[in-house]
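Note sheet for the following structure.
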Amino acid sequence: MWVLNTLLPVLRVYYIGIKVVLQQLVFRPFTLPVLPPQHGKVAIVTGGSKGIGYCTALHLSKLGMHVIIAGNNDCEGNEAVERIQQQTMNANAGVMLVPERKTVDGFEEHFGLNYLGHFLLTNLLLKTLRKSGTHDSNARVVTVSSATHYVGDLNLDDLQSSHCYTPHGAYAQSKLSLVLFTYHLQHQLTEEGSHVTANVVDPGVVNTDLYKNMNWAAKLVKWMTGWLFFKTAEEGAATSIYASVSPHLEGMGGCYLYNGNKTKSADITYDEELQRKLWLKSCKLVGIPI
């Protein structure tokens, strides 16, 4: 049973990864349309110091937005700001397949960094987002998940994956949690009539540093084929940028977006009772009053 519980998440994650890579080979990457200027608006980009986050921050800055890069490494963040300032006239934080370890707050690292940190940041900003959104220009929350959520399992009794830890299972669970969180957030925002929308995007399989914790064989395969099968960071960021500023998505929330289009997420993500339970558990974990 232990072998099965350990091996199954690995096979699921690599299955969905290969499936997405083959789709990317057949279909052309989403190309960003010309987007309107965003002068006077503010964007907070988590993980904005490299990869998809950096490309998102750079493009939003070029559109005239005041971009705030949120990350856990001051040096990398400052370097990113300098690079962006050099490339403009003005100015995605996550981990994957890490060995079992905890954040400084004691959370399993995938769950803590990929999900709980974003859950807490969003909740801390909600009051400001509600005030800044208007009928004609909604404030927007854009969460970055991945296709691995389709093969993720959510164990509400063991969100820290402490009983049977596998890096692949923990990663998929964190990405599934992000989709559930986004949908429940949109339900709340709609019920209260706030001019704030929440959407979740899937960037595809992107050639970034996120794969550094894979085994040597997988790294070798990526090194040999990534240039052909994987998206570039710029291509991976396209849907995040589109979700952040596209006029076509004005007032539209609760969407799962892939390659610039609304698509269906895993069936389990539409379970409103599961969304609610995860939200309540998350509030308790980060100390937010229920």
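The values are calculated or read from the model by the stated rules, or taken from the named source; none is laboratory data. On a predicted model such as this, the values are computed, not experimentally measured, just so you know. Note that each Cβ is placed from the backbone with ideal geometry, even for glycine, and that neighbours are counted across all protein chains shown. All accessible areas refer to the heavy atoms of the entire protein, side chains included, with ligands and DNA or RNA removed. Shrake-Rupley method; radii C 1.70, N 1.55, O 1.52, S 1.80 Å.
Scanning region 249-268 for residues that are under 15 Å from residue 142 (Cα atoms) and part of a helix (DSSP H, G or I) returns a single hit, 249.
One residue stands out in region 269-290 among those that are among the β-branched types (Val, Ile, Thr) and assigned to a loop (DSSP other than H, G, I, E, B): the one that is farthest from residue 112 (Cα to Cα), namely 290.
Residue 257 falls short on exactly one of the conditions (1) touching a Phe, Trp or Tyr at 6+ places or on another chain (Cβ under 9 Å); (2) aliphatic (A, V, I, L, M); (3) surrounded by fewer than 18 Cβ atoms within 10 Å (Cβ to Cβ), and that condition is (3).
Checking each residue in region 107-130 for being among the β-branched types (Val, Ile, Thr) and in contact with a Leu (Cβ under 8 Å, 6 or more places away or on another chain) picks out only 122. Cβ-Cβ distances below 6 Å connect no pair with a first residue in region 182-195 that is hydrophobic (A, V, I, L, M, F, W, C), a second residue that is in a helix (DSSP H, G or I), and a separation of six or more residues or different chains.
Residue check: residue 176 meets all listed conditions (1) at pLDDT below 95; (2) open to solvent by less than 10 Å² (accessible area, probe 1.4 Å) but one, namely (1). For residue 204, state whether it is on the phi > 0 side of the Ramachandran plot, of a type in the set (Gly, Ala, Ser), open to solvent by less than 80 Å² (accessible area, probe 1.4 Å) and modelled with pLDDT of 95 or more. When the stated conditions are applied, residue 204 does not pass them.
Among the residues of region 2-59, those identified as open to solvent by 20 Å² or more (accessible area, probe 1.4 Å) and at positive phi are 40, 51. Note on region 147-168: residues that are in a helix (DSSP H, G or I) and open to solvent by less than 20 Å² (accessible area, probe 1.4 Å) total 3.
The rows are residues; the columns are (1) modelled with pLDDT of 85 or more; (2) not hydroxyl-bearing (Ser, Thr, Tyr).
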{"position": "19", "(1), (2)": "yes, yes"}
{"position": "62", "(1), (2)": "yes, yes"}
{"position": "65", "(1), (2)": "yes, yes"}
{"position": "72", "(1), (2)": "no, yes"}
{"position": "103", "(1), (2)": "yes, no"}
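Within region 1-24, residues that are farther than 13 Å from residue 169 by Cβ and β-branched (Val, Ile, Thr) sit with their Cβ atoms under 8 Å from residues that are in a helix (DSSP H, G or I) and modelled with pLDDT under 85, at 6+ positions apart or across chains, in these pairs: 21/229.
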